[in-house]
1. Working only within the stretch 1-20, note down all residues that are under 16 Å from the mean Cα position of the chain (by Cα) and assigned to a strand (DSSP E or B).
2. Among the residues of the stretch 30-75, write down those that are in contact with a helix residue (DSSP H, G or I) (Cβ under 8 Å, 6 or more places away or on another chain) and outside any strand (DSSP E or B).
3. Would you check if residue 14 is under 23 Å from residue 86 (Cβ atoms), modelled with pLDDT of 95 or more and surrounded by 14 or more Cβ atoms within 10 Å (Cβ to Cβ)?
4. Being under 22 Å from residue 87 (Cβ atoms) and either free of Cβ contacts under 8 Å to residues at least 24 places away in the same chain or touching a helix residue (DSSP H, G or I) at 6+ places or on another chain (Cβ under 9 Å) (or both) narrows it down to one of 20, 27, so name that one.
5. Conditions first: (1) at pLDDT 90 or above; (2) closer than 23 Å to residue 3 by Cα; (3) assigned to a strand (DSSP E or B). Residue 24 passes all but one, so which condition is the exception?
6. Take the stretch 42-65 and flag every residue that is over 14 Å from residue 30 (Cβ atoms) and crowded, with 17+ Cβ neighbours inside 10 Å.
7. Contact list please: Cβ distance under 9 Å, first residue in the stretch 62-79 and farther than 26 Å from residue 39 by Cα, second residue surrounded by 10 or more Cβ atoms within 10 Å (Cβ to Cβ), pairs at least six apart or on different chains.
């Protein structure tokens with residue numbers, strides 16, 4: 001069952017895609033049918049810079065177990081580092097982080113809401 005919910009977050013970082021490195025501006029997380037992974041449903045994560053167009057996108061499809069393991073690994077890595085070491089707060093012009101949730105778009109194909 002697809003949830004038709006997309007959780008978006010503003011990001012401050014960089015990613016390497018097919019065309020090289022690009023600035024990350026947004027992330028989106030949703031549970032849906034994958035495009036490539038061989039599972040019925042996956043946790044899908046899109047890392048994007050909308051200003052950079054389609055070449056500024058990295059998509060990830062994870063099982064629920066892998067997604068939870070990734071969350072735990074991120075928490076452990078941050079806990080092992082001195083507080084603030086990886087913070088963007090010490091850098092000028094850091095974007096604030098916010099999270100939003102969007103539902104399905106009427107008439108959209110399953111899993112295409114807010115992509």
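1. Across the stretch 1-20, the qualifying residues are 6, 7, 8, 9, 10, 11, 12, 13, 14, 15, 16, 17.
2. 56
3. No, not satisfied.
4. Of the residues listed, the single one that is under 22 Å from residue 87 (Cβ atoms) and either free of Cβ contacts under 8 Å to residues at least 24 places away in the same chain or touching a helix residue (DSSP H, G or I) at 6+ places or on another chain (Cβ under 9 Å) (or both) is 27.
5. Among (1) at pLDDT 90 or above; (2) closer than 23 Å to residue 3 by Cα; (3) assigned to a strand (DSSP E or B), residue 24 violates only (2).
6. Matches in the stretch 42-65: 49, 56, 57.
7. 77/86; 78/86
Residue-wise test of (1) touching a strand residue (DSSP E or B) at 6+ places or on another chain (Cβ under 7 Å); (2) farther than 27 Å from residue 4 by Cβ; (3) at pLDDT 95 or above.
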| site | (1), (2), (3) |
| --- | --- |
| 62 | yes, no, yes |
| 73 | no, yes, yes |
| 76 | no, yes, yes |
| 87 | no, yes, no |
| 90 | no, yes, no |
| 99 | yes, no, no |
| 106 | no, no, no |
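The values are calculated or read from the model by the stated rules, or taken from the named source; none is laboratory data. Note that the structure is a prediction, hence the values are computed from the model and not measured. Methodologically, a virtual Cβ is constructed for each residue, glycine included, from the backbone with ideal geometry; neighbour enumeration extends over all protein chains shown.
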